[in-house]
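Chemist: Below are the C-alpha cells for one structure; questions will follow.
Every number in this text was worked out from the coordinates using simple rules, so none of it is lab data. Note that the structure is predicted; figures quoted are calculated from it, not measured. We place every Cβ from the backbone using ideal geometry, glycine too, and count neighbours over all the protein chains shown.
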Amino acid sequence: MREVAKRQVPRVHDVHIEMDDKRLGAGRHRVKRAPGDTDRIGGARSSLSRRRGPTVVELKSDSALDAMREAGRVVARALTATQDSAAVGVSLLELDEAAHAVLRETGARSPFLHYHPAFAPTPFPAVICASVNDVIVHGIPDGYRLRDGDLVSIDCGAELAGWTGDAAISFIVGTPRPADLRLVATAQDALTAGIAAAVAGARIGDISSAVGRVGRAARYGIPSGFGGHGIGRHMHEDPHVPNDGRPGRGLRLRSGMALAIEPMFMGGGSDAFRTAGDGWALHTADGSRAAHVEHTVALTEAGPRILTLP
Ligand code: MG
Ligand code: MG
C-alpha cells in the first residue's frame, strides 16, 4: 500500500462524478484530483474534515465490480484461513502467514504490507491487522500466542488485477465470554444494517446512522474519526464512511460506488481510545474489549452487492 501522495493520479476519464457534500461544507465540486483518503489501514480516518478540495469518487463499471469481486474472494479466503488457524497457543505471526499463503497462492498483492503512512513510525510489516481483546484495529501481528477466550479481529486486504478488496472478521478463540459474543454479534448486526443502507439515492449519513444506531442501542463506544471508506483501485479512496452520524446527510450515494463498511465497537461504552507505542494499534482507553467487522460492498441497481464473500 502506498501513501496518497505517492499514488498515481487517475486520468480524467477514469473519474466520473462530482460530489455534493453540504454538511461538511465542501460545496459542490468537479473532479480535480486523485481519490484519496488515507492514512489508515483498516478504518480509514476521516479526510473530509481535515482537508480542502473536492471529494472524488470513481463509479465502477460492472466489469470493474466483477474484478473487485475476485479480489474480494481472495480476502474472504485469507480471512477464513486465519480463523481456521486460530487456536489456543497459535501466534499472531502464524495467522499472518496463513493469510499470506492465500495471497501468494492466488497471485494477489497485499495493500497492507509495507504501507507507511505519514503518522506511522514504521511501515506496516504484515498482510493482516490482528487486533486482540482491547485492541480495536491496526494491531501488528507478533509472537503473542492466543489464549482461551481471546477476542480476535482480523483485517485483511488483497489487490488482484489492479482492484482491491478489504474485509475484517471478529471471533473468539476457545471458550467465549457471553459479553464478547454479544459484542461481536452486535458489530455484525451493525454491518448488516450499514450494508442495507448502502443504496443509490441514499446518503453516506444513512449508512453511518444505521451502523451507529445499532452500536449505541447496545451502549457500546465508537471511536470517532475512524470508519469505512471508498475502495477500488486503491484500498482507501473517498468518501469516508463514519460509523455514527445523522441520516439524510452527507454525500449522495450512486450505483457504481464501492464502499468498505466497517463497524468497530468498544464494549466498555466509552468512545475514548489511545494509540499504542508502536504508532499503529488503537486500544480502548478503558481496557474493555473491541470488535471490528468489515465488508467491501458495491452499490448496484439491484441493491448492495457484497464483494468480500467467499
Ligand atoms: Mg480493512
Ligand atoms: Mg477498510
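Chemist: Between A302 and Q83, how high is the FRET efficiency from 1/(1 + (r/R0)^6) when r is the Cβ-Cβ distance and R₀ = 35 Å? Nearest 0.05.
Modeler: Result of the calculation: an efficiency of 0.75.
Chemist: Using the basic label-point model (7 angstrom from Cα toward the beta carbon), what is the A161 to R246 distance in nanometres?
Modeler: Distance between label points: 4.3 nm.
Chemist: Okay, next question. Taking 45 Å as R0, compute the FRET efficiency from the Cβ-Cβ separation of R254 and S91 and round it to 0.05.
Modeler: In this case the efficiency is close to 0.55.
Chemist: Right, something else. Looking at the calculated P(r) for the stretch 221-310, what percent of the C-alpha pair distances fall above 18 Å?
Modeler: 52 percent
Chemist: Okay, moving on. Per residue of the stretch 98-108, in order, report the coupling 6.51 cos²θ - 1.76 cosθ + 1.60 (Karplus, θ = phi - 60°) as ³J(HN,Hα) in whole Hz, putting x for Gly and Pro.
Modeler: Taking θ as phi minus 60°, the curve returns 4, 5, 4, 4, 5, 4, 4, 4, 9, x, 8 Hz for the stretch 98-108.
Chemist: Place the peptides 177-183, 285-291 in order of packing, highest mean first, counting for every residue the other Cβ atoms within 10 Å and averaging per peptide.
Modeler: Put in order of decreasing packing, that is 285-291, 177-183.
Chemist: Just to be sure I understand the model, the point goes 7 Å from the Cα along the line to the Cβ. What's the resulting D271 to L181 distance in nm?
Modeler: So the two model labels end up 3.1 nm from each other.
Chemist: For a quick protection proxy, order the peptides 113-125, 145-157, 55-67 by their average other-Cβ count within 10 Å, most packed first.
Modeler: 145-157, 55-67, 113-125
Chemist: Evaluate the relative contact order of the stretch 60-306 (contact order divided by residue number), counting alpha-carbon pairs under 8 angstrom at least 6 apart; express in whole percent.
Modeler: Relative contact order, the stretch 60-306: 21 percent.
Chemist: A further question follows. What nm distance separates the two modelled labels at D62 and D286, each placed 7 Å from Cα along Cα→Cβ?
Modeler: Calculated label separation equals 5.0 nm.
Chemist: Using the eigenvalues of the Cα gyration tensor, what equivalent ellipsoid semi-axes result for the stretch 70-187 when each is taken as the square root of five times the eigenvalue, whole Å, largest first?
Modeler: Equivalent ellipsoid of the stretch 70-187: 23, 16, 14 Å, largest first.
Chemist: Sticking with this one: If you average 1/r over every pair of different alpha-carbon atoms in the stretch 159-298 and take one over that average, what Kirkwood value in Å do you get?
Modeler: After inverting the pairwise mean of 1/r, the radius is 15.3 Å.
Chemist: For the stretch 60-306, just the Cα set please: Rg and Dmax, both in angstrom.
Modeler: When restricted to the Cα atoms of the stretch 60-306, Rg and Dmax are 16.8, 48 Å.
Chemist: Within the set of other residues whose C-beta is less than 10 Å from the C-beta of A167, count the net charge using Lys and Arg as +1 and Asp and Glu as -1.
Modeler: It works out to a net charge of -4.
Chemist: Now for a separate question. So how long is each side of the stretch 92-161 along the principal axes, counting just the alpha-carbon atoms, biggest first, in Å?
Modeler: 38, 30, 17
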